[in-house]
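The values are calculated or read from the model by the stated rules, or taken from the named source; none is laboratory data. Everything quoted here is computed from the prediction, not taken from an experiment. Using ideal geometry, Cβ is built from the backbone for each residue, glycine included, and neighbour counts are taken over all protein chains shown. Surface accessibility is based on the protein's heavy atoms, side chains included, excluding ligands, DNA and RNA. Shrake-Rupley method; radii C 1.70, N 1.55, O 1.52, S 1.80 Å.
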Amino acid sequence: MPDSVIVQNSSKVPARIVIVAGTYDGVLVGWDTRQEEDEEENGKEGEEKALKMSFAFTAHEGSVRALCIANSSTKQQPGQVISAGYIDESLILLDLHKNQQVGEAKLPMELGTPLCIALAPWSAPTHALVGTSSGKIAMYSLGDDNNATTNNDMNKKKKSMNHNHWNIVHILSGHSTTTNNSNTGVSCIATHPSGKLALSSGNRDSTICVWDLTKGRLAHIHKLPASTNSKKKNISNIVWSEDGIYFAFSYESHVCVRHATTGEDLLDIDLNTSNDNNNKTQRVNDMCFLSSFSSNAFLAAVCDDGSLPVFCIDPVASTRVRAIMAIQGVDRIVVGTDRLKFIRPLSNFLVVTANTGGVLSIIDLEGAMRILLSDVSENDDDEDNSHGENEEDEEEFAAEILASVRVGSGARITNLAVWCSNEEAGEMQKPEVNTNKMKLTEFSAKKEEEDNGDEDLTTRARKLVQQAKKRQKKEHQKKTKQTKFQNA
């Protein structure tokens, strides 16, 4: 087994990538493409990048419910990792320079369990928003030195991210706080890139709250129209585009994209009703915006049937839906552990995905963008093309897997966070649009062999998962005995 996984097409990959995954057993596992020893030995630039496991340790007593990586002011070094545990109700701070825990903060008991986290603003964050099971959002101040530029200021900044400098400045109330339903609470939070406002939704309350973060108060509540069966909609995901012009949200198999200024629906689609195979298992688990190109925005989603659709958002022709299945889905029973649960954007059209089997993959979706833009040219050009014979040779894949790693055997990934540097990141070139006729449904992802990464650290991660499971089992048995003794 090799010590690391080589990332294919390294010219498209940023200079450094950091991936952190949280598991159901409270274990945090990280991977990094920075290889300081190799750089010293080779002293060469442009070498192939390798994704190597950098740390693995038990951070929480229960599952990791929320995870994020803060950006530093330099943009070339990652900030600290913030993770939230479901059972211990704590926030853990992890220093990626030392790969060790540097702080811990506890939520007030009346707020309940942390369910989601968002940082504001995106660059050099000064505040953290923590959504809780009580339906309230705790707005933390991370300190006053987050705009540091000098080395001395950077040292102060590291101290300001310590839990001793975390202060709750606002408690935001706007979602359901009923206690008769265990599914209540804040389901998702998304902060605007500027950090001036945020969107959030509650479990099964069919609302999107708009928060004015400059004043720390509720600005507006948007109520989604009731469905035909009067069942409340559970909005599970809200994401912003990098330029802050669009935001998207999803519930069940439904995806909607809106213009932030005009409120116009640029995309409103139900994946189940639009599926040609009549497969009714396309629940949207996660989604993210990709880079914008040629006045078009692109949105990628991952679904319960293992599919990965990519949508092209055109503000001019918003009545026309353009989409492609970059990775085809299968029946939910057949898909097994290949259900895609998370997707996070890197740079340009690179994303990181995680499935229920513990496999994380770096995927290039530039091919999907090219195909979608080629589809536009095909519809704009009514002339017949005479390249039908060579069409098969000119087909390109909508998705290309550049690297894959796996968390220890039996680990179930419950959250994912990524970071990449802007240094030496490949710039997006204008695509050579192929005007030949193409059937978008015929493109599928390339299959790559999965590699488990570093053997020693992988073994350690597996042991940590097993130890966490044993500890949880003993605690459960202890609680059961106490309950029997009390009832006796």
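General observations
- Within the stretch 200-214, the set of residues being under 16 Å from His127 (Cβ atoms) and among the acidic types (Asp, Glu) comprises Asp212 only.
- Selection of the stretch 203-227 for residues being without any contact (Cβ under 8 Å) to a residue 40 or more places away in the chain, open to solvent by 20 Å² or more (accessible area, probe 1.4 Å) and outside any loop (DSSP other than H, G, I, E, B) yields Val210, Asp212, Ala219, His220, His222, Lys223.
- When restricted to residues that are modelled with pLDDT of 85 or more and not in a loop (DSSP other than H, G, I, E, B), the stretch 320-335 contains 6.
- Exactly one residue among Ile87, Ile92, Ile82, Ile69 is part of a loop (DSSP other than H, G, I, E, B) and among the β-branched types (Val, Ile, Thr), and that residue is Ile87.
- Restricting attention to the stretch 46-86, the residues being among the basic types (Lys, Arg) and within 20 Å of Val27 (Cα to Cα) number 2.
- The sole residue among Ser200, Ser173, Ser187, Ser133 that is modelled with pLDDT of 75 or more, under 22 Å from the mean Cα position of the chain (by Cα), open to solvent by 20 Å² or more (accessible area, probe 1.4 Å) and within 28 Å of His259 (Cα to Cα) is Ser187.
- Conditions (1) closer than 26 Å to Gly135 by Cα; (2) open to solvent by less than 10 Å² (accessible area, probe 1.4 Å); (3) in contact with a helix residue (DSSP H, G or I) (Cβ under 8 Å, 6 or more places away or on another chain): number failed by Ala56: (1)
Conditions (1) in contact with a His (Cβ under 9 Å, 6 or more places away or on another chain); (2) modelled with pLDDT under 85; (3) surrounded by fewer than 23 Cβ atoms within 10 Å (Cβ to Cβ); (4) in a loop (DSSP other than H, G, I, E, B), marked per residue:
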position: Val302; (1), (2), (3), (4): no, no, no, no
position: Val310; (1), (2), (3), (4): no, no, no, no
position: Ser318; (1), (2), (3), (4): yes, yes, yes, yes
position: Thr337; (1), (2), (3), (4): no, yes, yes, no
position: Thr353; (1), (2), (3), (4): no, no, no, no
position: Leu360; (1), (2), (3), (4): no, no, no, no
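- Hey, Ile168 open to solvent by 20 Å² or more (accessible area, probe 1.4 Å) and modelled with pLDDT of 95 or more or not: no
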